Amino acid sequence: MNRRTFIATAIAGVAAAQDSDVPPAVRALKPMLDGIVPITDDERAARVEKARRLMHENKLGAIYLESGTSMFYFTGKRQPGKAWILPAKGAAAWIDAEPAQAARALRDAGVATGRVGLEEQVRFATFDGLRREASAVESVSATPVTAGCRMIKSPAEIALMQRANDITIAAYKAVLPSLREGMTQRELSGWISAAYRNLGVGGGAMAIFGKYTAFPHGSIQPQQLREGDIVLIDDGCSVEGYQSDITRTTVFGRPTQRQIDVWNLERKAQDAALAAARPGAPCEAVDAAARKVITDAGFGPGYKVPGLPHRTGHGIGLDGHEWTNLVKGNKTRIAPGMCFSNEPTIAIYGEFGVRLEDCMYVTDKGAVMFTKQSTAIDQPFG
């Protein structure tokens, strides 16, 4: 399961933390929403025109989107049960998300034949129904259009992501100093959720202790915090739909030399990824740079554990995980405006794991972190 699914599972059935249950620093938090500027109608119109240019390049007569983040990206609306059809020429159409209506709307838009792109979240029932209702239309992936637009963030999008990251750090800062012996991972997750509520947003975090920190997506096994445990918290919040994703790894009590050494190695890997994320470089080069630091220290090789078992980073924006990925084999060229998580991990099953995750955006000169990196195992906030 992914981390957000883990969080939902881990806190299912657990009552939201009440004010009396959370640390005073959490109760003192106030909303951090002043000055937020939503995406404008003009920017959304420019997105539509870019989509049409990409449709022309990819020989698509239209794209079909059902309710989800791509629909929100282009329209500013979330419409469960509805679909939005954007033809390469002419007016877009809102319809019920039903194949017969889709076929009729495509014909009305002059797209009775040719290629129509279906966004990646479209249900199979829609794809299958279009094969029957519009057999002359070839249904293909709309990803070259949707991801082609969404991968490059505007200054307005980056500003919203910056606020989400700032809020996440504020939540983590309010919580981590209050760790206590015997608390459970669910208690810590509940504190973080309460912090987000007081900061004016929705969000949560996966919390993991001790040997379970070696599992990148955590464990639902009951955990109680003990002296010397590694503590890992990971996830984020949403501002105007735009996501943050931050991991901090620290220790409860005094760290061992082994914990310090692995933590320091992880920080070197994160630095290597940041330095490699430059315009024109293939995405896989960032993964390779971080992985080399870890394998040169005797871990791995490759994706083997102990070592780095997953990609170094993923795209982020309206989805916590979106196109494209910093992973071996991805030759997509990095471009200004792209945003990624930077999260190499060192997983040592049976001992502990360390992940440092900050998100970054790419400029003409290289990548810039949204947040200050951790500086030491006992200094998670720089």
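Each reported figure results from applying straightforward, stated rules to the coordinates on display, with no laboratory input. Keep in mind that this is a model prediction, so the values were computed, not measured. As a convention, Cβ positions derive from the backbone with ideal geometry for all residues, glycine included, and neighbour counts pool all protein chains shown.
What the table shows:
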item	result
Length gained when the stretch residue 41-residue 260 is fully extended (0.36 nm per residue, less Cα-Cα span)	73.9 nm
Per-peptide average of other Cβ atoms within 10 Å, ordering 224-232, 93-101 highest first	224-232, 93-101
From phi via Karplus (6.51, -1.76, 1.60), per-residue ³J(HN,Hα) for the stretch 197-213 in Hz, x at Gly/Pro	4, 5, 7, x, 9, x, x, x, 7, 6, 10, 9, 10, x, 5, 6, 5
Distance between modelled label sites at residue 181 and residue 34, nm, 7 Å Cα→Cβ extension	4.2 nm
Packing-based order for 31-39, 50-58, using average beta carbon neighbours within 10 Å, highest first	50-58, 31-39
Per-residue ³J(HN,Hα) for the stretch 60-69, Karplus 6.51 cos²θ - 1.76 cosθ + 1.60, θ = phi - 60°, Hz, x for Gly and Pro	10, x, 6, 10, 10, 10, 9, 3, x, 6
Spatial separation of Cα centroids for the stretch 178-231 and the stretch 65-105, in angstrom	39 Å
FRET efficiency estimate (nearest 0.05) - Cβ-Cβ, residue 376 to residue 221, R0 22 angstrom	0.15
Computed lengthening from residue 135 to residue 333, 0.36 nm per intervening residue step minus Cα-Cα distance	67.7 nm
FRET efficiency estimate (nearest 0.05) - Cβ-Cβ, residue 56 to residue 369, R0 30 angstrom	0.25
Backbone HN-Hα couplings from phi across the stretch 87-98 [Karplus 6.51/-1.76/1.60, Hz, Gly and Pro as x]	x, 4, 9, x, 7, 6, 9, 9, 9, 5, 6, 9
Net charge, residue 143 excluded, C-beta distance under 11 Å - Lys, Arg +1, Asp, Glu -1	-2
Cβ-based charge dipole, the chain, positive-most Cα from 223, 134, 241	134
Pairs beyond 30 Å (Cα-Cα), from 77/372; 50/268; 59/153; 89/153	77/372; 50/268
Linear extension gain, residue 100 paired with residue 304, 0.36 nm per residue minus alpha-carbon span	68.6 nm
Local electrostatic count, residue 182, Cβ distance below 14 Å [Lys/Arg +1, Asp/Glu -1]	-1
Relative contact order of the chain, defined on C-alpha pairs under 8 angstrom at six or more residues apart (%)	15 percent
Positive minus negative residues near residue 224 (Lys, Arg vs Asp, Glu; Cβ under 10 Å)	-2
